[in-house]
Amino acid sequence: MFTDWSYALDDWPTYVSAAWLSLRLSLAAFALALALGLGGALARGSRHALLRAPAAVYVEVVRNTPVLLQMFVAYFALPSAGIRLSPVQAGVLALGVNVGAYLTEIFRAGIQAVPRGQREAARVLAVGRATAFTHIVLPQALRNVYPAVVNQLVQIILGSSLLSAISVPELTGTAMVINSRTLLTVQVFGIAAVLYLVLTNLVVLAAGAFGRVAFRPPLPAPARRGQTLHAVRQLLRSAKRSPRPVASTSAARSAVKEEV
C-alpha cells in the first residue's frame, strides 16, 4: 500500500496545476499585504491620533483572531453586507489582511531602526519629508526587514492550504479530492507535501537572488581594535617626523577618541 505510487502519480498534472494556483493566490495576497503593511506602518508612526488609532485596532484585531475565522468572515459574512466575493477573492482578501497586520509591525520596526540623525540631517539639507522617506529611510528599513518579509511570504504560501475550507481548488483542496477518490492517503498527501517544499524553497531562493540584486552590499566592516590602534600609532610616528605635525596629530587623536 505504501509502496504503490504509480496510481497516485497519474494525477500529476492536477497536482501541478493546483500548486501553480496556490502560488498565484499567495503572490496576490502578498501584494495586498505589502500595501496594507506599509500603509499601516506609516499610520502607526503618524503624529495624528486619527491615523494611529485605526491602525492599532487593525493590528490588534487581526493578529489576535484565527486566519480561518477571517476567511469565513470574508466569504460567509460579507455577503450579508452586500459584498459578494468568490472563494478565490475571499481567500486572497483574508490572507492579505492577515499578513498585512504582521507586516505593519515589521515595517514599523524597520523604520524605527533607521537612526534619527539621518532624518535630521536630511531636514538640515532642506530635503522634503517624502523625498527623505523614499530615498533615505525606506531603503534602509526594507533592507533591515527583508528576511522577515520573505518569511511572511512563505507563511502565506503555507497558509493558502486553509483556502480549501472555502472550496478553493488549491493544492491541499485538490489533494483532499484525489484522496477521497483513490484512498491513497500517504501517497496523495506525500506528493502535496513535496510540492509545498518545492514551492517554498523556490520562493526563498528567488527572494535571496532578488535581495542580492536589489540591496547593495553593506559597507566594509570597521577594522578591529588592534588594527586601528596600530594605524594610529603609525600616524603619530609619521606626524613626529613631518615638518607640519599639527594636523596629523589632531587627526590621530580624534581617531583614538572614536575608537575608544
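Apart from one condition, R143 fits all of (1) under 30 Å from R216 (Cα atoms); (2) of a type in the set (D, E, K, R); (3) open to solvent by less than 70 Å² (accessible area, probe 1.4 Å); the exception is (3).
Of the residues making up region 78-129, those that are of a type in the set (S, T, N, Q) and in contact with a Gly (Cβ under 9 Å, 6 or more places away or on another chain) are N98, T104, Q112. For region 110-128, the set of residues classified as under 27 Å from the mean Cα position of the chain (by Cα), open to solvent by 40 Å² or more (accessible area, probe 1.4 Å) and either at pLDDT 80 or above or over 18 Å from L42 (Cα atoms) (or both) consists of Q112, A113, P115, R116, G117, listed by residue number.
Please verify whether region 68-89 includes one or more residues that are in a helix (DSSP H, G or I) and of a type in the set (K, R). Scanning region 68-89, I find no residue that is in a helix (DSSP H, G or I) and of a type in the set (K, R), so the answer is no. Counting the residues of region 5-21 that are in a loop (DSSP other than H, G, I, E, B) and touching a Leu at 6+ places or on another chain (Cβ under 9 Å) gives 2. Annotation note: of E60, E105, the sole residue that is part of a helix (DSSP H, G or I), free of Cβ contacts under 8 Å to residues at least 24 places away in the same chain, surrounded by fewer than 21 Cβ atoms within 10 Å (Cβ to Cβ) and of a type in the set (D, E) is E60. The sole residue among A41, A19, A29, A35 that is surrounded by fewer than 18 Cβ atoms within 10 Å (Cβ to Cβ) and within 30 Å of the chain's Cα centre (by Cα) is A35.
The values are calculated or read from the model by the stated rules, or taken from the named source; none is laboratory data. Since the structure is predicted, the reported quantities are computational estimates derived from the model, not experimental observations. Positions of Cβ are generated from backbone atoms using ideal geometry, with glycine treated the same way; all protein chains shown enter the neighbour counts. Just the protein is used for accessible areas: all its heavy atoms, side chains included, with ligands, DNA and RNA removed. Shrake-Rupley method; radii C 1.70, N 1.55, O 1.52, S 1.80 Å.
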